[in-house]
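Engineer: First the structure, which I've put down as structure tokens, then a few questions once you've had a look.
The values are calculated or read from the model by the stated rules, or taken from the named source; none is laboratory data. No experiment lies behind these values; they were computed from the predicted model shown. Heads up, the Cβs are rebuilt from the backbone with ideal geometry, glycines too, and the neighbour counts pull from every protein chain shown. Just so you know, the surface numbers come from the protein's heavy atoms only, side chains and all, with ligands and any DNA or RNA stripped out. Shrake-Rupley method; radii C 1.70, N 1.55, O 1.52, S 1.80 Å.
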Amino acid sequence: MTAFEPKIVAFLCNWCSYAGADLAGVSRIQYAPNIRIIRVPCSGRINPFYIIKALQNGVDGVLVSGCHPGDCHYLSGNFFARRRFALVKRFLEYVGIEPERVQFSWVSAAEGPRFAQIIERVTSDIKRLGPLAYFRKDGAGTEKVK
Amino acid sequence: MHKKVLVIGGGIAGVQASLDLADSGVEVYLVERAPSIGGRMAQLDKTFPTNDCAMCILSPKLVEAGSHPYINIITNAGVEAVQGEAPHFRASIIKQPRYVDEEKCTGCGICMAKCPVKIPDDYNKGLTKTKCIRIPFPQAVPAVAIIDKEHCIFHQRGKCRICEKFCEAKAIDYDQKQEIIDLEVGSIILAAGVGEFNAALKDEYGYKTFPNVVTSIEFERLLSASGPTRGHILRPSDGKEPQRIAFIQCVGSRDLQAGNEHEHCSAICCMQAAKDAIILGEHLRDVQTSVFGMDIRAYGKNFDNFVERAEQEHGTRFIRSRISSVEIDPAQDNLTIQYAGNGRVERESFDMLVLSVGLQSTPGLKGLAAKMSLRLNDGGFIRTTTFSPVGTSRPGIFVCGTMSGPKDIPESVIEASAAASSARAMLNEFPAKEICIEYPAQKPVNDGDRPRIGVFVCNCGINIGATVKVKEVVDHAAGLPYVSHSEELLFACSQDSQKLIDEKIHEFDLNRIIVAACTPRTHEPLFQNTLVKAGLNPYLFEFVNIREQCSWVHQQVPEAATGKAKELVAMAVRKAAYLEPLSNTRSGVNKNSLVIGAGLAGMTAALDLAAQGYHVDLVEKEADLGGNLRHIACTLEGEEVTPFLMSLIDQVERDPNITVHTRSSVAEIRGFVGNFRTKIETRKNGRNETASIEHGVVIVATGAQEYAPTEYLYGQDERVMTQRELEKYLTQNNLPDGAQARVRSVVMIQCVGSRSDENPYCSRVCCSTAIKNALRLKQFDPKIDIFVLNRDVRSYGLKESYYRKAREAGVIFIHYDKDAEPVVTRSDQGLSVLVKEEIIGRTLRLSPDLLILSSGIVPLAENRTLSQMLKVPLGTDGFFLEAHVKLRPVDFATDGVFVCGLAHYPKDISETIAQAKAAAARAVTVLSKDEIEAEGKVAMVSETRCNGCGLCVEVCAYKAIELDPKKNVAVIVEALCKGCGTCAASCRPCAISLKGWRDEQILAALSAV
Amino acid sequence: MNSMQDELIKTVAKLLKDHTVDLFIGYEQGTLPLQTSPCFLTAEEDAKRLVWNSLCANNLAVYLPRLMPDRSNARYKRIGVLCKGCDSRSVAGLIKEKQVARDRVFVLGIACPGIVDKKKIAGLMKGTEIDGVEETADEIIVNTRDSSRCFKKKELLYECCADCTHPSPLLHDAFIGKENAAPRAPQADARVREFSSKERAGRWKVFEAELSRCIRCYACRNACPNCYCRECFAEETKPAWIGVTDDLSDIMFYHMGRILHQAGRCVDCGACVRACPMDIDLRLFTRVLVDEVQERFGYEPGLSLEESAPLATYRAEDKQEFMTEPE
């Protein structure tokens, strides 16, 4: 049996976190290859539905990352995003989705190492949880209710 | 010839000046002595007082300058000579060889990985090693390698050639020679910056002798996430986390012992220390930070709050002292410092010392000044005057940033824009540069046309190919839906690849292009341009990052990396099917401008705009022009203000491009950048008349007012007056009471109405005003005793020498604490002032004949109405809040609206002039265009879905959304939309979509994961 | 109770007579004994149809956006609506979200003692046919053909009513009964408590089990005053967030989406719970964000017209303890 290799989607804002991911690359910092990055202009662009949709599609984990508070290229997009994230995270956890499956972080354009550390952390969290076995639309491993 | 300017120095000031000029139709030659632009700011970790990440905010500007069609960057080069007169200068530039062909180098970095020679890395202040062939830092612009000839084995010993062997782009050129470039330009801007004090010269601090003593710039690199220790602060001696760190201020500043050119205050070090203390406190929880300095010079916007944060949240101690010696404990490499405080000598031990090294002139600066025949000031900086803060002694040559004296980033940026305004005004006889490139007509791509996707996968030499099996990715892509063609490229960014992509677009009738290569952040414009040349809309392009975010970070797992690359391409393919052509909406620009307020700032801005050929409506609420400047007679430096003001007013009134509206105010402003409609109300014969004007920009220059004291018997005793009132008497050469013989003693109290609970900010100018008036009083009668009771003496920058002059003239400066404000009483004997003196720890009783209150500057109450009308914010202090405190100091987040002068924050005359000119320069970047092109990727509203709930209006930082009151739906003002998508993500019925980042597109990419 | 009903009838009659309002929305007796129905009155003489009792459950605010589809061109110049505490919070929310113009609505507030859950009565009566009900201040008397039974109202309240902090409407133009603006101590819903005390997998199991009964009839949405969207995300095709299927994950997405759309807006009126024909206990899942919004942002929806909605504003110092930090 091969080890579980999770699929993780990361939504990164163009100006800080995406640039931080680039810097990790330029610095050749190695991290787990499970992450699939989707670039967005701003963390404020993230509709919480993207996160739910990702899980429904069968992704094992979702990371959203933006500029640190105060660094937002669009002045306040990340502040609005932070409020939305707080609520969506609380809600998903409440109805029974493991909190580690949906994570949020701040990574600046100068934080290549931090980006890699966050990816490592999220990847290891999700490896520990195992595959998402419920809610997936494809039904794979769904805990069926009788 | 067209409008051309030479900018010398590619730090933040030079880059800002270049961008302002380029954005207003001027061709710029930006000459930088280093191999990359970026300057000192590129080395900073965070910036005060917001702790913004320096690189995050700088890097987009560098990329913008690097790809601007009007900016020619010449790196590794210096100015050799400048001949001629404005506006016909001839400059010769010497460009040193890089030994790498800039046209061919793709910045892939293989050479750097393979080069066997390690050398100290200047970017990290020598704290780490880099390679002899290197790209100076990851965000360098241009991202081109350079060989250090001194250390290159091939250059020195004739063998090696390893970089040449590995360079797939064939860019290495060991035979490259020095080049001389001759330029004809209309004006020149100097922005080459300064140096920092060599701390080793103050051997009492033990720099370079004791391992745990570092300079503030080195410390900045240590703090930085991209620095040598990746942001972990470790002691150089033993690699342990320090617990006690001391900052020693004024190393090489305010110190005549260090030399005649070290009298100035370096203006930034107090805040830098506060910033470092806060960042340290965030990194290391238990760290104790102590700052040893003479005064805390927190004179800028939100600076005092910032210092307070360091004290209260991170326990930083600010200790008023001068360090007499540093000793080392050899066992632990700890450092004991000895200082005078509380009237006795104290000793304290620290794990690490940071020397806040001052800014200073350099031989390079002086050499440049000599070559260009420019005068220097006493500090060895380029000489400017109060009334011409960016002018040099040679007409047509301007200066900005630290070259003319120490200053922080926003002031450098302000001066950069100001210099751009002055330089552009020299160029009126030349036409703007027109770039006319004929592009083929765009092939129509309609909704419903079958997508025909072309996928190009780059090897980037071996950067991608060595890890990711590119051939497999290409084959995989070929099998994906709608992919009509897929192909492997050695370097996707090379010229021949552009030609190839163009050919394939036609051969396979492609209507969507995907390039899988490096990062879109640097290379997207290049490929979009290729699409345009091939007749495709540039938004039918999708970039896949398989280098920075794949091959480089998964080098040990090539299979997984290949799998990931395939999936990333598949995601892009799914998304690409949903791409649609976008057009950048354009709107016309009204060339008129509105300047609100006709004090120094408003008049200066109006004159600069008029000088560049733009009409100005200048609105002033009073009957007379001049504002607060009417109450100032002379400057600290001794220049007479009144003749200057009279000539300014005269120029404004005579200028045919300026329409002055006195006794007037703005009643209503509608519209947006390029298209404002405003009603101006004028009081005439007791009636209000309304005039309507149209304009393209607004400059807010409404000023501020003097704080009206309620404390210290002001208004109750005629011997108590403000500095402004004193100044009036001094100008009339007369002291109150008409009896100068009776005035024997004068007390001045600083920070009246400033740094208080009510107005918690520093009014910035009062220390200089007190020094100025004290010196004038002493001139009037040297026998008068003068006591200046202060909380800190904030004679920042070059003002410091007047502080010394005042002390030399016998003015006594007494420090008091916020918690122990002076107590003023009066009796039959006269006024009495009690003040607790800190150093001797005693309460002094002073009996002045005059008590002068240095009352601060407070914002106007009417700011609120104007801010609502213009939809621009006020800060908590009541002053107008700029778009970004560091890099957009005169802009608002709302395009086309600018701020300058006291309306923004207290500032002195030269700073006000610089900011007013800067506002004009920023306004000209709008006015010089015939049309404003909106972003292509802007928000769009579906009227059938929109509920009109207004949530989007509230979350939009740019005020780019309005509600249509009739239809009750949201309307996007495309000219203002910046495309962040916060509105779209907030909209419950998904009535707003963000073009280029639509939900369907993102969901499509997601579905391929 | 009856005196309040009399006062209500008198007040509404006057409102209609004076043309203060040209439509009034209240309750009338339904066709079944335990039922009240919304009624829409335009004539003074109709006011006598109005009832007020512990069974007046519907949130009448739901009708306002539909009756004012276009504020500048509405059929009615001003609409009066009878509002309990929760209903008035809904109206305030609708005003804030510009679905209802403040000057076009007349809020007739009424002191709410809490609404009795008729399903609970039916449950206690174990299928015995009910002829009618009467009530006193604290009790409800259920008459059947043979006998009558008396229940304590307190024990029959809807969970959201027991848990209500502002039963007395804050926003109103006139008021029936005794006004009491002071917040009341809520009584937490035991079922919510039980749900949240379960471990993670147990919660998901309940979530799944409850929602697996959903037939996607959208009754919850139609009963909710906040669900006024012209097009609901659940039925959109561009983007197609979810399929129009009975797939459980799609059903769950719908409910998650709807609840997230209510964040900072839900006034916990219980309309969705009452409307569900499958008896899904939606409050188990909706209440959490009401509490979270209050704890995190200090915000309770519908209490003020001025305060910005929590997702329409931010504070630089908002808590961010949930953000991931490197290990």
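Engineer: Normalising by the residue count of region B:865-964, find the relative contact order in percent from Cα pairs under 8 Å and 6+ residues apart. If you can, show how the numbers build up before the last one.
Structural biologist: Numbers: 88 pairs, mean separation 18.2, N = 100.
About 18 percent, as a whole number.
Engineer: Relative to the longest principal axis of chain B, what angle (0 to 90°, nearest 10) does the C-alpha long axis of helix B:766-780 take?
Structural biologist: That works out to roughly 40 degrees.
Engineer: What whole number of Å gives the distance from the Cα centroid of region B:327-356 to the Cα centroid of region B:701-717?
Structural biologist: 44
Engineer: Where in region B:180-229 does accessible area fall by at least 10 Å² between the isolated chain and the complete protein assembly, at a 1.4 Å probe radius?
Structural biologist: B:A225, B:S226
Engineer: If I model a spin label as a point 7 Å beyond the Cα along the Cα-Cβ vector, how far apart are those points for C:K120 and C:K198 in nm?
Structural biologist: Between C:K120 and C:K198, the simple spin-label model gives 2.2 nm.
Engineer: Hey, another quick one. Under 14 Å from a label point 7 Å along Cα→Cβ of B:R586: give me every residue in region B:430-452 with its amide N that close.
Structural biologist: B:435-439
Engineer: Shifting gears a bit: Expressed as a whole percentage, what fraction of the accessible surface of region C:210-320 belongs to carbon and sulfur atoms when a 1.4 Å probe is rolled over the protein heavy atoms? Please report the intermediate quantities before stating the final value.
Structural biologist: Details: 2100 of 4230 Å².
With neighbouring chains kept in place, the figure for region C:210-320 is 50 percent.
Engineer: Are there GluC sites (Glu not before Pro) in region B:617-719 that DSSP marks as loop and that have at most 12 other Cβ atoms within 10 Å, and which are they?
Structural biologist: Numbers: sites: B:E620, B:E622, B:E637, B:E639, B:E640, B:E653, B:E668, B:E681, B:E689, B:E694, B:E706, B:E711, B:E718; in loops: B:E620, B:E622, B:E637, B:E639, B:E711, B:E718.
Within region B:617-719, the qualifying GluC sites (Glu not before Pro) (loop, at most 12 other Cβ atoms within 10 Å) are B:E718.
Engineer: For a label point 7 Å from the Cα of B:I180 along Cα→C-beta, name the residues of region B:74-112 whose backbone N is under 16 Å from it.
Structural biologist: B:78-84, B:90-97
Engineer: Counting heavy atoms of the protein chains only and a 1.4 Å probe, report the per residue accessible area for the protein assembly as shown as a whole number of Å². The partial results should precede the final answer.
Structural biologist: Details: 56990 Å² over 1482 residues.
About 38 Å² of surface per residue is accessible.
Engineer: Please check which bits of region A:55-94 a label hung off C:A209 would reach, taking the label as a point 7 Å along Cα-to-C-beta and the cut-off as backbone N under 19 Å.
Structural biologist: A:94
Engineer: Moving on to the next point. Below 20 Å, Cα to Cα, which lysines can C:K10 reach? Residues fewer than 8 away in the same chain don't count.
Structural biologist: C:K48, C:K84, C:K178
Engineer: Further, regarding this structure: Assigning unit charges at the beta carbon (Lys, Arg +1; Asp, Glu -1) and nothing else, what dipole magnitude in debye, to the nearest 20, does chain C show about its Cα centre?
Structural biologist: Working: 46 positive and 50 negative charges, 108 e Å.
For this selection, approximately 520 debye.
Engineer: Which aspartates and glutamates does B:K240 reach when only Cα atoms under 13 Å apart count, and residues fewer than 8 places away in its own chain are ignored?
Structural biologist: Candidates past the 8-residue exclusion: B:D333, B:D351.
Engineer: Right, next: What distance in nm separates the simple spin-label points at B:K170 and B:E954, each placed 7 Å from Cα in the Cβ direction?
Structural biologist: 6.3
Engineer: Moving on. Starting from the exponent 0.38 and prefactor 2.2 Å, build the expected Rg for region B:1-91 from its residue count and divide its actual Cα Rg by it. Provide the component values of the computation, followed by the final result.
Structural biologist: Working: Rg = 14.2 Å, N = 91, 2.2 N^0.38 = 12.2 Å.
This ratio for region B:1-91 stands at 1.16.
Engineer: Please find the FRET efficiency linking B:R845 to B:E718, where r is the Cβ-Cβ separation and R0 is fixed at 22 Å, and quote it to the nearest 0.05.
Structural biologist: Numbers: r = 22 Å, r/R0 = 0.99.
The formula returns an efficiency of 0.50 here.
Engineer: Between B:F898, B:G535, C:A111, whose Cα lies farthest towards the positive end of the dipole of the protein assembly as shown when Lys and Arg beta carbons carry +1 and Asp and Glu beta carbons carry -1, centred on the Cα centre?
Structural biologist: Of the options given, the answer is B:G535.
Engineer: State, as an integer percentage, the relative contact order of region B:545-663 based on alpha-carbon contacts under 8 Å between residues 6 or more apart.
Structural biologist: Working: 125 pairs, mean separation 26.6, N = 119.
Relative contact order, region B:545-663: 22 percent.
Engineer: Can you tell me which lysines have their Cα less than 20 Å from the Cα of C:K120? Leave out same-chain residues fewer than eight positions away.
Structural biologist: Once the sequence-local lysines are set aside, what remains near C:K120 is C:K152, C:K153, C:K154.
Engineer: When all alpha-carbon pairs of region A:43-146 are counted, what percent fall beyond 23 Å? Numbers along the way, then the final one.
Structural biologist: Working: 1672 of 5356 pairs.
When all Cα pairs of region A:43-146 are counted, 31 percent exceed 23 Å.
Engineer: What residues have an amide H closer than 5 Å to that of B:G671, excluding those fewer than 5 places away on the same chain, when H is modeled at 1.01 Å from N in the peptide plane?
Structural biologist: B:R677
Engineer: P(r) for region B:418-556: what percent of alpha-carbon pairs falls in each 5 Å bin, starting at zero?
Structural biologist: 2, 10, 17, 19, 16, 10, 7, 6, 5, 4, 3, 1, 0
Engineer: Follow-up. Could you tell me which of C:L248, B:A81, C:A223 has its Cα farthest along the dipole of the protein assembly as shown towards the positive end, charges placed at Cβ (Lys, Arg +1; Asp, Glu -1), taken about the Cα centre?
Structural biologist: Ranked along the dipole, the leading option is C:L248.
Engineer: Another one. For region C:203-327, state the semi-axes of the equivalent ellipsoid (square roots of 5 times the eigenvalues of the alpha-carbon gyration tensor), sorted largest first and rounded to whole angstrom. Can you show the working numbers first?
Structural biologist: On the way: eigenvalues 139, 69, 49 Å².
Three semi-axes, in Å: 26, 19, 16.
Engineer: Hey, how many Å between the Cα centroid of region B:231-278 and the Cα centroid of region B:927-953?
Structural biologist: 48
Engineer: Please go through the residue pairs B:K170/B:K564; B:K684/B:K728; B:K125/B:K159; B:K407/B:K772 and name each one whose alpha carbons sit more than 27 Å apart in this structure.
Structural biologist: Working: B:K170/B:K564 30 Å; B:K684/B:K728 31 Å; B:K125/B:K159 29 Å; B:K407/B:K772 21 Å.
As for pairs spanning more than 27 Å Cα to Cα, those are B:K170/B:K564; B:K684/B:K728; B:K125/B:K159.
Engineer: Same structure, new question: State the volume of the convex hull built on the alpha-carbon positions of chain B, expressed per residue in Å³ and rounded to an integer.
Structural biologist: Cα convex hull per residue, to the nearest whole number: 187 Å³.
Engineer: Using alpha-carbon pairs under 8 Å, 6+ residues apart, how would you state the relative contact order of chain B in percent? All intermediate terms of the calculation are to be shown ahead of the outcome.
Structural biologist: Values: 2327 pairs, mean separation 110.6, N = 1009.
Result for chain B is 11 percent.
Engineer: In nm, to one decimal, how far is the modelled label at B:E689 from the one at B:N657, with both set 7 Å along Cα→Cβ?
Structural biologist: The modelled label-to-label distance comes out at 2.6 nm.
Engineer: Rounded to the nearest 5, what is the percent of antiparallel bridges among the DSSP beta bridges in the protein assembly as shown?
Structural biologist: Numbers: 103 of 213 bridges.
In the protein assembly as shown, DSSP labels about 50 percent of beta bridges as antiparallel.
Engineer: Post the alpha-carbon centroid distance, region B:807-884 to region C:199-268, in whole angstrom.
Structural biologist: Their Cα centres are 60 Å away from one another.
Engineer: Rounding to the nearest 20 debye, state how big the charge dipole of region C:126-255 is about its Cα centre with +1 on each Lys and Arg Cβ and -1 on each Asp and Glu Cβ. Write out the running numbers ahead of the final one.
Structural biologist: Details: 19 positive and 23 negative charges, 76 e Å.
For region C:126-255, the charge dipole is close to 360 debye.
Engineer: About its Cα centre, how strong a charge dipole does chain B have in debye, to the nearest 20, once Lys and Arg get +1 and Asp and Glu get -1 at the Cβ? Each step should come with its number before you reach the end.
Structural biologist: Values: 115 positive and 125 negative charges, 147 e Å.
Roughly 700 debye, rounded to the nearest 20.
Engineer: Here's a follow-up. Using the Kirkwood radius over C-alpha pairs as Rh, can you work out the diffusion coefficient of the protein assembly as shown via Stokes-Einstein at 20 °C, viscosity 1.002 mPa s, in µm² per second?
Structural biologist: Taking Rh from Cα pairs, D becomes 60 µm²/s.
Engineer: Take the Cα atoms of region B:372-434, build their convex hull, and give its volume per residue in Å³.
Structural biologist: Working: hull volume 6.2 nm³, N = 63.
So the per-residue hull volume is 98 Å³.
Engineer: Same structure, new question: Find which of B:V413, B:L365, B:A432 sits farthest along the positive direction of the dipole of region B:360-456, computed with +1 on the beta-carbon of Lys and Arg, -1 on that of Asp and Glu, about the Cα centre.
Structural biologist: Of the candidates, B:L365 comes out farthest on the positive side.
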